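Please read the structure below before turning to the comments.
The values are calculated or read from the model by the stated rules, or taken from the named source; none is laboratory data. Note that the coordinates shown come from a computational prediction; the quantities given were computed from them, not determined experimentally. Cβ atoms come from the backbone with ideal geometry, glycine included; neighbour counts cover every protein chain shown. Side chains are part of the model used for accessible areas, which takes the heavy atoms of the whole protein and leaves out ligands, DNA and RNA. Shrake-Rupley method; radii C 1.70, N 1.55, O 1.52, S 1.80 Å.
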Amino acid sequence: MIKAVVFDIGDVLVNFGWREFLEKNFDDPDLREELAREVFEHETWGYCDAHDLSLEEEISAFASHAPHLEKEIRYILTHMSEFLTVYPYTHAWIRAMKEKGYKVYFLSNYSRIAYEQTKDNAISFIRDMDGGLFSYREQMAKPDPAFFKLFCERYQYKPEEILFFDDMRDNVHASRMLGMQGIRVNRKMMEQEVKWYKLTSGGKHDMLKVVKFGGSSLADSGQFEKVKAIVEAEEGRRYVIPSAPGKRSADDTKITDMLYTCYEKAQAGEDYMPLLDSIKARYDDIINGLGIDLDLTKEFKEIKDHLSKPDARDYTASRGEYLNGLILAEYLGIPFIDAAEIICFNAEGVYQAGTTKQLTAAALANNKNAVIPGFYGADRSGQIHTFSRGGSDITGAIIAGAVGADIYENWTDVSGVLIADPGIVENAYPIDVITYRELRELSYMGAAVLHEDAIFPVKEAGIPINIRNTNKPEDPGTLIVEMTCRPSPYVMTGVAGKKGFVGVTIEKERMNDIVGYCRAVLGVFAHYGINIEHMPSGIDTMSVFVHQDHFQEFEQKVLTEIKSTVEYDHIELENDVALIAVVGRGMRSVRGTAGRIFSALAHANVNVRMIDQGSSELNIIIGVHNQDFETAIKAIYSIFVDVKKS
């Protein structure tokens, strides 16, 4: 159990901006390069951190190897407060950790003269901390294990009770070797953590948010009322992205599906009017339920006029979001901006990011609040184009990036991304924070909450995504970030998987000595258009896992071509395999994770047919028989989550 949070100072809580300092104070680029090499990047800097030296002693230490730079060295060492400046998030982050019940400390490589020049400004925050160690006072520095051990002894902590943040790989590695949970951080990561802190505290109301509501959140007038309450609960929720109405019940039909069917009927010369009338009735029910004055007769006439056109498929599908946007804007009393005016495609239907960003920024600069329908845009001729299904997620992300939102909220019918499939694990817990990489790993193995293309616009802008539940707005949901220093409470972040794989295992003595062997085998699969899902290998073996239903179509052809392409000692097929991904950024710093998985599966009488861990240590892939899939998921969830909860 984590009891103490320990921070490095330089480039974690304080900006070590020496490059900018040199740029500002020394005009000659050659001199700047030499000063960088002889001062900031020289081993003497580390020596001064680890020794209690006066100003003159430090100047002498540097001048001993660069006597011609003594004047410049003196200037640098007497102006350290100019390049050691506190980050804007530092005080808030320390306060957040303390409010969560942790003791907060520092463990920093810091010289005496740096301390004397910054104690009352850049590092005044240490007065709010519970203690810490400066290297110059202890005559030792990171990554020396003795420095970490001294901290544990002085403050009476076991290493496993400490969460340690540092920007240097060697320091983080040293902390992990001792048993601490070491996390390498940077400024971007810490800024995102402060956004999360604001979300869960009183500071959330001053954040600019783009909010997207899915189809289930806008399925009827009752759901619209929930949406209005959510939007008006915070002034910062200024830009709203609606989807088309979704299902009102399990046996209902989504409006977008109904619109596609209308188009197909029209193109086939069939009678589509009863279906189009039922679509209009759905919207009229929403309008009447909300008690607003809005008539969509004109809009439905335009839809009818377009249905006979062969190139109107995207236009027809987009009307679900368009009409819902008109209703929501009227209900909220804020401007409606047609996505066709700001979301740009070329004539081939390829999204144009640059033009979109310019048009969106210009349009929203004059609108403090707006409703912008999701899913579609237009080319220069006005022809409507849509994203793939679920594309309203993408529109929301684009708008969030264009306005520089603090948070992109994506409201749906679940309280975030769940640790496991709720269809397998009853009452699975939600994930509080997940990285984009973790989400991609889980999504690839079957977990689906967010359109994958929605990630890039906000990831590029460093904007976190918050998955929320319209029906339970009090739930904090899941925050999706590029990186985080927040540890997963259960070691693993999530578990997901798929059934229906076949493994092709090839054995060849001294395979590793044969250049191009693996490539030749993979070329056979590529020849038949078979996608490789996973490929664990050994010195004399390689296994290729592919979708069984696709492989069966070409099975004998693939085996014959492999035989004619490479020599092997033995080849074996293993069918009905399910692949399970155990994903978690915390696994790399916790020993025995794979052992716990094996133990849990053995206890559940599940035979492990394959296990492989990627070099990033972000995930562990396990192969089991199809019939053991659900049992394995439950066992893995239980060993990490249920045991932790108990």
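At 1.4 Å probe size, with the rest of the protein present, what percent of the exposed accessible area of the chain is carbon and sulfur atoms? Percent of accessible area from carbon and sulfur atoms in the chain: 47. Rounded to the nearest 10 degrees, the angle from helix 187-199 to the longest Cα principal axis of the chain is 60 degrees. Hull volume per residue, based on the alpha-carbon atoms of the range 1-151 and their convex hull, is 109 Å³.
Residues whose amide H lies under 5 Å from that of Gly182, counting only those 5 or more places away or on a different chain, are Phe164, Arg176; hydrogens are built 1.01 Å from N in the peptide plane. Quick one: which residues, 5+ away or cross-chain, put their amide H under 5 Å from the amide H of Phe106? H built at 1.01 Å from N. Long-range HN contacts for Phe106: Phe7, Gly131, Gly132, Leu133. Inter-part distance, the range 337-409 to the range 572-628, computed on C-alpha centroids, equals 41 Å.
For the pair Glu302 and Arg95, the difference between a 0.36 nm per residue extended length and the Cα-Cα distance amounts to 68.9 nm.
Is the range 124-174 rounded, prolate or oblate when judged by the Cα gyration tensor, a ≥ b ≥ c being the square roots of its eigenvalues, rounded requiring a/c under 1.5 and prolate requiring a/b larger than b/c? Taking the square roots of the gyration eigenvalues as a ≥ b ≥ c, the range 124-174 is rounded.
Under 5 Å between amide hydrogens, built in the peptide plane, is the criterion, and for His385 it picks out Gly377, Ala378, Asp379 among residues at least 5 positions away or on other chains.
Using a cut-off of 27 Å between Cα atoms, the listed pairs Lys499/Lys634; Lys226/Lys247; Lys24/Lys209; Lys100/Lys226; Lys228/Lys368; Lys3/Lys634 include Lys24/Lys209; Lys100/Lys226; Lys3/Lys634 as exceeding that distance. The Cβ shell under 15 Å around Met180 holds other residues with a net charge of +4, Lys and Arg each +1, Asp and Glu each -1.
Taking the C-alpha atoms only, the angle from helix 297-307 to the longest principal axis of the chain is near 80 degrees.
Ranking Arg380, Arg112, Arg95, Arg74 by solvent-accessible area of protein heavy atoms (1.4 Å probe, all protein chains present), from largest to smallest, gives Arg380, Arg95, Arg74, Arg112. Computed from the C-beta positions of Ser249 and Ile571, the FRET efficiency with R₀ = 56 Å rounds to 0.65. Once the 1.4 Å probe is applied to the protein heavy atoms, the range 352-458 comes out at 41 Å² accessible per residue. Across the range 110-116, rounded Karplus estimates of 3J(HN,Hα) from the backbone phi angles (6.51 cos²θ - 1.76 cosθ + 1.60, θ = phi - 60°) give 8, 8, 5, 6, 5, 4, 4 Hz, Gly and Pro being marked x. Taking the average, over residues, of other Cβ atoms within 10 Å as the packing measure, peptides 366-374, 314-322, 420-428 rank 314-322, 366-374, 420-428 from highest down. Modelled this way, with points 7 Å down the Cα-to-C-beta line, the labels at Thr78 and Asp338 are 6.8 nm from one another. The helix-based estimate of mean residue ellipticity at 222 nm for the chain, built from -39,500 (n - 2.57) per DSSP H run of four or more residues and divided by its residue count, is -12000 deg cm²/dmol to the nearest 500. Reported to the nearest whole Å, the Cα centre-to-centre distance from the range 309-325 to the range 107-139 is 62.
Taking Cα Rg over 2.2 N^0.38 Å as calculated from this structure, the corresponding entry among [x] 1.14; [y] 1.01; [z] 1.07 is [x].
With the cut-off at 1.5 for a/c, could you classify the range 315-391 from its C-alpha gyration tensor as rounded, prolate or oblate? Cα axes put the range 315-391 in the oblate bin. Placing a pseudo-label 7 Å from each Cα along the Cα-to-Cβ vector at Glu232 and Asp549 gives an inter-label distance of 4.7 nm.
The value of relative contact order for the chain, using C-alpha pairs under 8 Å at least six residues apart, is 10 percent. Let me know the shape class of the range 354-401, please: from the alpha-carbon gyration tensor, a ≥ b ≥ c as square roots of the eigenvalues, rounded when a/c is under 1.5, otherwise prolate if a/b is greater than b/c, or oblate. The shape class here is oblate. Each peptide in 352-359, 305-312 was scored by the mean count of other Cβ atoms within 10 Å over its residues; highest first, the order is 352-359, 305-312. Every Cα-Cα pair of the range 369-442 was included, and the share exceeding 13 Å stands at 76 percent. Inter-label distance, Asp128 to His527: 6.6 nm, where each label sits 7 Å from its Cα along the C-beta direction.
Packing order of peptides 4-16, 457-469, 562-574, highest average first: 4-16, 457-469, 562-574 (average count of other Cβ atoms within 10 Å over each peptide's residues). If you take the beta carbon distance between Asn626 and Glu460 as r and set R0 to 41 Å, what does 1/(1 + (r/R0)^6) give as a FRET efficiency, to the nearest 0.05? Working from the Cβ atoms, E equals 0.55.
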